[in-house]
Amino acid sequence: MTRLLLAGVALLSACMRPPVPLDGDFSATTVEDAQQASHVGERVRWGGTVVTTTPERERTCLEVVSAPLDVSARPLATDQTFGRFIACADGFYDPVVYAPNRSVTVVGTVEESSEGRVGKYDYVFPRVDADTVYLWPNEPTNYVRGAYWSPFWWDWSGSPAHASQ
C-alpha cells in the first residue's frame, strides 16, 4: 500500500513540473519590474494571454498581457496582471494559431523596452528575445447549459451534449 501511495505522489508531482522547454531557473523579475528599471540581459519566464501576433521578415512578435504562472509555468486564469510585454522569436508563428486570448509562456532574455500605445494610452513595453514560445492547448469548455461537461451527460433534446472548442 505504501508503495502504491508513493507511486501516486511521484506521478502527481511529475505532472506539476513545467514542460521541458519551460523548465529551469529564471530571474524573479516581473514585467512590472522591467517597466520600472533596466533588467536587460536577465533570463525570464513570463506568460499570459496573446493580444496580437505580428509576423515580421525573419521573426514574429507577440504582444502579451502578463499573468502569474502556476507550478507548471502555465498562465493562471486571473484578472491579476503585471502589465504587457512584447516577445519576439525567430521564425513564423501563424497569427491564426497564436490568436488573441490564447495562453503562452515564453522563455528568453530581456531587451531594452520600447514605447508604444494601448489605445490612446502611452505605454512602455518590456521586450523579450524569446528562444521558447510555448502555446498552451485550449482548455475545453467545461460547462454546457450550466452542467459540468461529460461525454455521458445528455442535453434536453435527448442527444449527447458536446462542448465546443
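The values are calculated or read from the model by the stated rules, or taken from the named source; none is laboratory data. These figures come from a predicted structure and were not determined experimentally. Neighbour counts run over all protein chains shown; Cβ positions are idealised from the backbone, glycine included.
Residue by residue, here is whether (1) of a type in the set (Ser, Thr, Tyr); (2) over 23 Å from Ser38 (Cβ atoms) holds:
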| site | (1), (2) |
| --- | --- |
| Arg59 | no, no |
| Ser72 | yes, yes |
| Leu76 | no, yes |
| Cys88 | no, no |
| Pro95 | no, yes |
| Pro100 | no, yes |
| Val107 | no, no |
| Glu115 | no, no |
| Arg127 | no, no |
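Among the residues of the range 76-86, is there at least one that is modelled with pLDDT of 95 or more, surrounded by 10 or more Cβ atoms within 10 Å (Cβ to Cβ) and within 16 Å of Val107 (Cβ to Cβ)? Taking every residue of the range 76-86 in turn, at least one turns out to be modelled with pLDDT of 95 or more, surrounded by 10 or more Cβ atoms within 10 Å (Cβ to Cβ) and within 16 Å of Val107 (Cβ to Cβ). Kindly check whether there is at least one residue in the range 26-46 that is among the aromatic types (Phe, Trp, Tyr), in contact with a helix residue (DSSP H, G or I) (Cβ under 8 Å, 6 or more places away or on another chain) and modelled with pLDDT of 95 or more. The answer is yes, given that some residue of the range 26-46 is among the aromatic types (Phe, Trp, Tyr), in contact with a helix residue (DSSP H, G or I) (Cβ under 8 Å, 6 or more places away or on another chain) and modelled with pLDDT of 95 or more. For the residues Ala73, Ala67, the requirement of being crowded, with 19+ Cβ neighbours inside 10 Å and over 23 Å from Glu115 (Cα atoms) singles out Ala73. Residues that are assigned to a loop (DSSP other than H, G, I, E, B), hydrophobic (A, V, I, L, M, F, W, C) and at pLDDT 95 or above: does the range 125-146 have at least one? For the range 125-146, residues assigned to a loop (DSSP other than H, G, I, E, B), hydrophobic (A, V, I, L, M, F, W, C) and at pLDDT 95 or above: present.
Residues that are outside any loop (DSSP other than H, G, I, E, B) and surrounded by fewer than 17 Cβ atoms within 10 Å (Cβ to Cβ) within the range 16-63 comprise Val20, Pro21, Glu32, Gln36, Arg43, Val51, Thr52, Thr54, Pro55, Arg59, listed in sequence order.
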